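What follows is a single structure, written as structure tokens, with notes after it.
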Amino acid sequence: MQIALVGIGKIAVDQHVPAIAASPDWDLAATVSRQGTVAGVESFDDFTAMLDARPDIRVVSLCLPPVPRFDYAAEAIRARRHVMLEKPPGATLSECHDLEALAREMRVSLFATWHSREADKVEAARTWLADRRLRSLAITWKESVRRWHPGQAWIWEPGGLGVFDPGINALSILTRILPAPVHVTEAVLEIPENRQTPIGATLRFRHPDTTDVSAVFDWREEGDQTWMIEAETDGGTMRLLDGGARLEIDGTEVGDDHDAPLAGEYPRLYAAMARLVQSGGIDMDLSPMRHVADAFTLGRRVTVAPFLE
Ligand code: NAP
């Protein structure tokens, strides 16, 4: 199937282009970008122009930041294109619900992707937790915004999510691996005095078996980077490490280590999109985004030192 990639920025170049190139399902037929191009691929700098010029391209993948994404997605759906959305699927829950309703009306596929759910050991963690009783769970997601988001202004603007941009990846794993639902009961949002979005956040959740479920997101970590979920259960302890790439059960590493354990995430997302288009399905699980919205609703704001690039 032919696909168009929209927004040729960091994630498009790092992950989408290689995943499409390696896929037996997809042919990258066009790009839409104000600046970027992909060698050997027809490029457009206007989305409407691409939709008009290439009616043969039935699927578009949107790699834009969340705020501009709705207008592109709605236009694509109205033009009867199937749409794949980078995470988070939009800037607000309401616009995501509206997109889903529109996709149903226009009978096209719509996919809210959560790449971290496709990390190597997430499924093994889900299986292990399925028949155990949870005693506590702690998410620690600490990374350097300077290293991972250099010069990205949109992450600090309203709708840009700040530290929840990576934090929502942890929440996408949490909502996949826990058999029971959780909901946010408390949040603290640390917002630099010169920015609109948090640089740090702590969350607490209620779970049917325990209130000891928490998350710490921090963008000020310049040392070792940590993307970890630790769970204690009545049947042992589990540590999901490196964003879901590695798993330890009771201190013992599960499965083989390999060189690029996160390399399978985007190929698996594109394979899932191919299945969705073939079956005419819609996959719009908004649960990770709901927790972020709840944290912003309940969160106590604390002003912290200005963030200067
Ligand atoms: P980015 O490089 O800053 O931006 C991606 C592209 O979006 C830009 O190249 C630009 O495309 C387009 N864009 C930016 N602002 C726009 C606007 N106002 N209107 C229209 N187009 C606009 O961001 P990114 O890091 O790739 O992130 C994009 C999405 O992928 C985010 O939702 C992010 O959460 C997600 N994501 C990022 C990463 C990562 O490691 N960076 C990992 C996983 C997921 P053109 O200049 O080409 O027009």
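The values are calculated or read from the model by the stated rules, or taken from the named source; none is laboratory data. Fair warning: this is a prediction, and the values are worked out from it, not measured in the lab. Don't worry about glycine lacking a Cβ; one is built from the backbone with ideal geometry, like all the others, and counts go over all protein chains shown. Surface areas here come from the heavy atoms of the whole protein model, side chains and all, with no ligands, DNA or RNA. Shrake-Rupley method; radii C 1.70, N 1.55, O 1.52, S 1.80 Å.
Per-residue ellipticity at 222 nm, computed for the chain from helices alone with -39500 (n - 2.57) per DSSP H run of at least four residues, works out to -9000 deg cm²/dmol. With the charge dipole of the chain set up from +1 on Lys and Arg Cβ and -1 on Asp and Glu Cβ about the Cα centre, the Cα lying farthest toward the positive end among the listed residues A124, G200, C96 is that of C96. For the range 6-14, putting each phi into the Karplus relation 6.51 cos²θ - 1.76 cosθ + 1.60 with θ = phi - 60° gives couplings of 10, x, 8, x, 4, 6, 4, 6, 5 Hz, in residue order, rounded to whole numbers and with x for Gly and Pro. The range 1-62 and the range 126-142 have their alpha-carbon centroids 38 Å apart.
How much of the pair distance distribution for the range 134-215 lies past 21 Å, counting alpha-carbon pairs only, in percent? Value for the range 134-215 (Cα pairs over 21 Å): 33 percent. Taking all Cα pairs closer than 8 Å and separated by 6 or more residues, the relative contact order of the chain comes to 20 percent.
Per residue, the solvent-accessible area of the range 201-258 (1.4 Å probe, heavy atoms of protein chains only, all protein chains present) comes to 47 Å². For the range 175-187, the Karplus equation 6.51 cos²θ - 1.76 cosθ + 1.60, evaluated at θ = phi - 60°, returns couplings of 6, 8, 8, 7, x, 10, x, 10, 9, 5, 10, 8, 8 Hz by residue, with Gly and Pro reported as x. Close amide-amide hydrogen proximity is noted between V213 and L137, F205, each under 5 Å apart and 5 or more residues distant or on a separate chain (H modeled in the peptide plane; Pro and chain starts excluded). Across the range 2-112, Cα pairs under 8 Å and at least six residues apart give a relative contact order of 23 percent.
Counting only DSSP beta bridges with both residues in the chain, what percent are antiparallel, rounded to the nearest 5? Looking only at bridges with both residues in the chain, the antiparallel portion is about 50 percent. Enumerate the residues in the range 200-214 having an amide nitrogen under 13 Å from the point lying 7 Å beyond the Cα of V254 toward its Cβ. No residue passes the distance filter. Looking at the square roots a ≥ b ≥ c of the eigenvalues of the Cα gyration tensor of the range 54-201, which shape do they give, rounded for a/c under 1.5, prolate if a/b is larger than b/c, or oblate? Because a/c hits 1.5 or more and a/b fails to exceed b/c, the range 54-201 counts as oblate. Ordering of 302-308, 239-245 by packing is 239-245, 302-308, highest average first (other Cβ atoms within 10 Å, averaged per residue). Amide H contacts under 5 Å for S43: T31, restricted to partners 5 or more places along the chain or on a different chain, H placed in the peptide plane at 1.01 Å from N. In the context of the full set of protein chains, residues of the range 2-112 present 44 Å² of accessible surface per residue (probe radius 1.4 Å, heavy atoms only).
Charged side chains reduced to their Cβ positions (Lys and Arg at +1, Asp and Glu at -1) give the chain a dipole of some 680 debye around its Cα centre. For the chain, with all protein chains in place and a probe radius of 1.4 Å, 48% of the accessible heavy-atom surface sits on carbon or sulfur. Value of Rg to Rh for the range 2-112, rounded to two decimals, is 0.93; Kirkwood radius and Rg both from alpha-carbon coordinates. Between the listed residues F47, H82, L28, the Cα displaced farthest toward the positive end of the dipole of the range 2-112, a dipole computed from Cβ unit charges relative to the Cα centre, is found at H82.
Can you give the FRET efficiency for S94 and R146, using 1/(1 + (r/R0)^6), R0 = 41 Å, r = Cβ-Cβ distance, to the nearest 0.05?
On the way: r = 33 Å, r/R0 = 0.80.
Between S94 and R146 the formula returns 0.80.
Starting from the Cα of L298, step 7 Å toward the Cβ, then list every residue of the range 194-232 with an amide N under 17 Å from that point. Counting backbone N atoms under 17 Å from the label point, the list is 201-217.
Karplus-based coupling profile of the range 267-280, in residue order and whole Hz: x, 5, 5, 5, 5, 5, 5, 4, 5, 5, 5, 5, 8, x, with θ = phi - 60° in 6.51 cos²θ - 1.76 cosθ + 1.60 and x standing for Gly or Pro. Rounded to whole Å, the principal axis extents of the Cα atoms in the chain read 57, 44, 38, largest first.
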